[in-house]
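One structure below.
Read-outs: derived from the displayed coordinates by stated rules, not from any lab. Nothing here was measured: the structure is a model prediction, and the numbers come from that model. In this analysis, Cβ positions are derived from the backbone assuming ideal geometry, glycine residues included, and neighbour counts consider all displayed protein chains.
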Amino acid sequence: MQNIVDLANNSKVYELASVTPLSLAHQLSKRTANNVYLKREDELAIHAFKLRGAYQKISSLTKDQAAKGVVASSAGNHAQGVALSAKKLGIDAIIVMPISTPKIKVNAVEQLDAKVVLHGDVYDDAYQYAKQLEKDQDLVFIHPYDDIEVMAGQATIAKEILSQLDNIDKVFIPVGGGGLIAGMATYIKHYKPNIKVIGVEPEDSPTLYQALKNGERVILPEVGRFADGVAVKQIGEKTYPIAKQVVDEVVLVSNDEICAAIKDIYEDERCISEPAGALSTAGVKKYIENESIENENIVSIVSGANVNFDRLRYIAERADLGEHNEAIIAVTIDEKPGSFLKFCQMLDNHSITEFNYRYGSKSQARIFVGVALSEGLKEKQLLIDKLSESFDVLDMSDNSIAKTHIRYMVGGRANCKNEVIYRFEFPERPGALLNFLIKIGSDWNISLFHYRNHGADFGRVLIGLEASDVAKLERKFDELGYFYQNETNNKAYQYFL
């Protein structure tokens, strides 16, 4: 680990990178009763920290290695970091990106004079192809995180922080493959061992959390793709043994909490962070709430701001849920005149943000309601307790199907037999939806379908089919190779569809 410190102290990254600001987030600090500082890595040339590690590695190549050219696999910030670094040093670069990579990211890499090769549906496919090109064309592979030089480049962030703020209690760092946290934590613990280093991961991509819990690297069967910059199935082979020595703990956050953190960063800095870029800020908020700490100096790494504009719609919709400023509830009321009026009267002064209803039966009605909150979880629970005295109430604020699909659909029940409901995620690109339907085949009648493009790398579908043989149906699904989950028992489906 001493090698990381020495390399960081003598790094050449400032031939291309600049010292990024450490800004006090005034509004967030006031709300949390702590001093929260944001390390603005989004202000680098590629709007992300990955430039540091890429340049540190590429600038360390020998003349013979540089003459061969470099190859990397990435769907995002590492691709731009490698491309810009190679351009600066006059080295040929090939970047392999999944076919599902949004055009804006492909264009950004091509504008830096790197050759882009589109291959495979997901990152793992692109990675394997890049490794094949390394072998076939005798290129130098630039790993996004599992390399000591890359870790040392990222460690220069810690070097800057220690020079920018004298008294630091905690530093929160996002975790994907582990290069950033391994490098930064090593540097911090070398000079300031009393500073607590806390990793932050999405709840659906807990690579370091699970590795520390199990005492070894584990391969996650699936990872969430919302925070695509940290969507890694396994912590790095080289980063893990380092991280387990220098990381104090890991905090897990939900996608809604990430969206709320994006809003927090915007309100303080007028910067629109990407989901992975706001990850550590979401962790700061959750940690402060859970541990009830006050008056501490806390640093959060804003690791990047390369977000597709189309995704902002989804982020804005989910931010209030992540901030606990909105509750989504299902309420069963009597199907008779005056029932809805009675329900609204019991809301007191709460504003209704959304209301969905369709006639279902003569005796009962189920309504899907969004309610604005001003005091968070405690207020939500008091409201639900009050409503429960007169109605059957179900909190759906954490129900993925309710938030992603049901609230955008027309309710009502279909007269079909043996209906089963599945949630799918598939690589998003032109023709992807048609391709998905072709692969599903025509052996089953589709009874329900909802798809909404969120501007992400992956499309999300809720599909209902009439199927008497579920095992046969799921064997067909397994052949597709896409993530899917049976949602037939989901209350949101049962109540409204």
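Ignoring lysines fewer than eight residues from residue 336 along the same chain, the ones with Cα atoms less than 16 angstrom from its Cα are 362. Taking each residue as 0.36 nm, the span from residue 131 to residue 434 lengthens on full extension beyond its C-alpha to C-alpha distance by 106.0 nm. Dipole size of segment 50-141 about its Cα centre, with +1 on Lys/Arg Cβ and -1 on Asp/Glu Cβ: approximately 400 debye, rounded to the nearest 20. Note on segment 271-316: dipole from Cβ charges, positive end direction compared against 299, 272, 284; the farthest Cα belongs to 272. Straight-line reach from residue 30: taking Cα to Cα under 19 Å and skipping same-chain neighbours fewer than 8 places apart, the lysines in range are 39, 170, 263, 285, 286.
In debye, nearest 20: dipole of the chain around its Cα centre with unit charges on the Cβ of K, R (+) and D, E (-)? Don't skip to the end; give the middle numbers.
On the way: 56 positive and 68 negative charges, 108 e Å.
Roughly 520 debye, rounded to the nearest 20.
Which value, in debye to the nearest 20, describes the size of the charge dipole of segment 138-186 about its Cα centre when Lys and Arg Cβ atoms bear +1, Asp and Glu Cβ atoms bear -1, and nothing else is charged? Intermediate values should be presented prior to the final figure.
Numbers: 2 positive and 7 negative charges, 38 e Å.
So the magnitude is around 180 debye.
For residue 191 and residue 313, the FRET efficiency from 1/(1 + (r/R0)^6), where r spans their Cβ atoms and R0 equals 51 Å, is about 0.75.
May I ask you to derive the relative contact order of the chain, considering only C-alpha pairs under 8 Å and at least 6 residues apart, and to give it as an integer percent?
Over the chain, the number comes to 13 percent.
Along the axis of the charge dipole computed for segment 50-141 (Cβ charges of +1 for Lys and Arg, -1 for Asp and Glu, origin at the Cα centre), the listed residues 114, 59, 94 are led at the positive end by 59.
If neighbour count is taken as other Cβ atoms inside 10 Å, put 238, 285, 476 in order from fewest to most.
Working: 238 19, 285 23, 476 14.
Lowest count first: 476, 238, 285.
For residue 443 and residue 332, a Förster radius of 45 Å and the Cβ-Cβ distance give a FRET efficiency of 0.80, rounded to the nearest 0.05. Give the angle, between 0 and 90 degrees and rounded to the nearest 10, that separates the Cα long axis of helix 179-191 from the longest principal axis of the Cα atoms of the chain. The angle comes out near 60 degrees. One decimal place: the segment residue 248-residue 386 gains 45.6 nm when fully extended, by the rule 0.36 nm per residue minus the C-alpha distance. Qualifying GluC sites (Glu not before Pro) in segment 289-333, where qualification requires a DSSP coil assignment and no more than 11 other C-beta atoms within 10 Å, comprise 294. Each of 343, 382, 396 was placed along the dipole of segment 326-398 (beta-carbon charges, centred on the mean Cα), and the one lying farthest toward the positive end is 343. Compute the acute angle (0 to 90°) between the alpha-carbon long axis of helix 148-164 and the principal axis of greatest extent of the alpha-carbon atoms of the chain; round to the nearest 10°. So the helix axis and the longest Cα principal axis differ by about 80 degrees. Each residue in 11, 60, 300, 374 was given a count of other beta-carbon atoms within 10 angstrom of its own, and listing them fewest first yields 374, 60, 11, 300. Under the simplified labelling scheme, the residue 233-residue 111 pair shows an inter-label distance of 3.3 nm, with each label point 7 Å from Cα along Cα→Cβ. Mean separation of Cα pairs under 8 Å and 6 or more residues apart, divided by the residue count, gives segment 408-496 a relative contact order of 41 percent.
Grab the eigenvalues of the alpha-carbon gyration tensor for segment 326-398, scale each by 5, take roots, and send me the semi-axes largest first in whole angstrom. Provide the component values of the computation, followed by the final result.
Numbers: eigenvalues 84, 29, 24 Å².
The answer is 21, 12, 11 Å, longest axis first.
How far, in nm, would the chain grow between residue 494 and residue 348 when pulled straight, counting 0.36 nm per residue and subtracting the alpha carbon separation? Gain on stretching residue 494 to residue 348: 49.7 nm.
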